[in-house]
Ligand code: PMV
């Protein structure tokens with residue numbers, strides 16, 4: 001019997017957010033369980049512009065000649081390879097749903113990213129967090145966010161943080177129970193994030209492969225894990241309690257620098273940053289120098305795009321600086337010499353593509 005006239009047993013639609021790590025996760029303690037070598041802290045971003053939308057339909061596979069689960073996945077309407085991690089996530093839900101255990105199913109999953117193709121922002125965190133809450137809704141498993149975070153972790157480490165909104169921590173302890181938790185909700189501190197999308201170089205080494213190589217070859221990594229991260233976690237938590245942006249900004253930049261030094265110390269070396277990334281760092285340094293205090297901070301994940309963090313009350317000022325310096329906007333009659341110098345320095349070919357502004361967000365949502 002074929003599946004053509006088979007009826008849809010379960011369905012749901014959801015969307016999931018990206019997150020940006022302030023204290024970076026880099027290195028797995030256990031490759032299969034995807035448990036981290038160090039704690040990490042991130043901001044979950046709103047879904048006004050960037051998110052992954054997931055649509056799931058689940059049918060019974062009643063083809064007697066092909067008794068197995070079948071997963072059909074398309075990403076942005078293009079059929080996509082099913083990774084062992086996706087299978088692991090689906091199997092977890094089957095394990096938890098008693099009445100599904102004796103049958104085989106067809107999972108039709110359509111995933112759509114709203115990110116511009118050139119942004120290089122294909123985020124496993126938004127897609128996995130969206131997938132997990134979508135399955136939870138479709139299958140009516142009513143799992144807590146803690147359990148959903150554990151399952152999302154099996155899909156992609158950083159995805160376990162995208163299950164929660166606001167400011168989120170993923171602690172290294174926990175083994176198979178390893179999961180993230182919310183430190184503060186999205187309203188606790190009005191922080192904004194400006195993503196500066198730059199021209200990407202040829203495909204970089206994936207975060208999974210990069211962190212594996214760092215664990216094998218970088219002498220700096222163990223120093224980072226044992227000495228730097230615990231200090232940064234302690235200080236960043238103090239900065240949250242005090243709502244002290246100077247302190248927060250400094251740790252964000254230091255942790256990004258430290259993470260990228262580990263990448264450079266990896267053999268063969270890894271360099272996620274480009275000329276454009278270095279220029280973004282320079283702009284942030286100059287803004288802070290001229291404002292005589294830290295009002296914005298940069299951070300870079302495993303890619304060249306820059307994430308600039310600041311308090312909402314400085315949004316206009318910072319957006320304006322970046323518009324003038326790299327997007328050639330409002331740049332008539334500039335008096336400040338440091339801005340003129342930066343504009344002159346800017347690579348005239350203009351490899352900066354776009355900027356996207358975010359507030360902190362609430363976490364994934366069910367649409368249907
Ligand atoms: O979980 P992954 O494989 O997407 O790795 C994420 C690694 C970083 O983005 C560089 C850091 C982080 O904590 O998100």
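Derivation of every value follows stated rules applied to the coordinates shown; laboratory data play no part. Predicted model only: the values in this text are computed from it and were never measured. Heads up, the Cβs are rebuilt from the backbone with ideal geometry, glycines too, and the neighbour counts pull from every protein chain shown.
In the elastic network of the chain, a GNM with C-alpha springs shorter than 10 Å, the most mobile of 99, 301, 323 is 99.
Helix 229-242 and the longest principal axis of the Cα set of the chain meet at an angle near 80°.
When the helices of the chain are scored as -39500 (n - 2.57) per DSSP H run of n ≥ 4 and the total is divided over every residue, the value at 222 nm lands at -11000 deg cm²/dmol. Simple spin-label estimate for residue 238 and residue 337 gives 3.7 nm between the two label positions (7 Å along the Cα-to-Cβ direction from each Cα). The long axis of helix 315-326 is offset from the longest Cα principal axis of the chain by roughly 80 degrees.
Between residue 278 and residue 254, full extension at 0.36 nm per residue minus the direct alpha carbon distance yields a gain of 7.2 nm. Scaling against 2.2 N^0.38 Å puts the C-alpha radius of gyration of the stretch 218-302 at 1.17.
Helix 245-265 and the longest principal axis of the Cα set of the chain meet at an angle near 70°. The distance from the alpha carbon centre of the stretch 134-209 to that of the stretch 249-263 is 20 Å, rounded to a whole number.
Using only the alpha-carbon atoms of the chain as identical scatterers, what base-10 log of I(q)/I(0) does the Debye formula give at q = 0.09, 0.14 Å⁻¹? For the requested q values the scattering log ratios are -0.53, -1.17. How many percent of all Cα-Cα pairs in the stretch 142-206 sit more than 17 Å apart? When all Cα pairs of the stretch 142-206 are counted, 54 percent exceed 17 Å. The length gained on full extension between residue 9 and residue 330, counted as 0.36 nm times the residue separation minus their Cα-Cα distance, comes to 110.0 nm. In this label model, residue 98 and residue 367 are separated by 3.4 nm, measuring between points 7 Å along each Cα→Cβ vector.
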